[in-house]
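The values are calculated or read from the model by the stated rules, or taken from the named source; none is laboratory data. Values in this document were obtained by computation on a predicted structure and should not be read as measured data. Using ideal geometry, Cβ is built from the backbone for each residue, glycine included, and neighbour counts are taken over all protein chains shown. Heads up: the accessible areas ignore ligands, DNA and RNA and are worked out on the full protein's heavy atoms, side chains in. Shrake-Rupley method; radii C 1.70, N 1.55, O 1.52, S 1.80 Å.
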Amino acid sequence: MSWPRWRAIDYGYRNPTACLWLTVCPPDWRIDGLPGECERLIVYREMYERERTVPQLVQKINELSRGERYVRPPLIDPTVYNVN
């Protein structure tokens, strides 16, 4: 079974960078015996790092994502592109 996957990133240096790996399970899938009445967003992995540069974070996120396919590139807070 292949569920769609996404990554969402909120960048920070002093405050931690957060990266979440997300998927949506189909409506007929059951969680703990409960009927799958609707699709559910599931966070299946998370990472929090502080005082890391963007290249260091990219390396770690890529390592944790190895072998997985995603619907699109990561959803990321646009402040990561700020120069100052």
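Structural remarks
- Of all residues in region 11-28, those satisfying the criterion of being open to solvent by less than 80 Å² (accessible area, probe 1.4 Å) and of a type outside the set (Val, Ile, Thr) are Tyr11, Gly12, Pro16, Ala18, Cys19, Leu20, Trp21, Leu22, Cys25, Pro26, Pro27.
- In region 39-56, the residues that are part of a helix (DSSP H, G or I) and modelled with pLDDT under 95: Val54, Pro55
- Scanning region 54-74 for residues that are within 12 Å of Tyr11 (Cβ to Cβ) and touching a residue at least 40 places away in the same chain (Cβ under 8 Å) yields Val54, Leu57, Ile61, Pro74.
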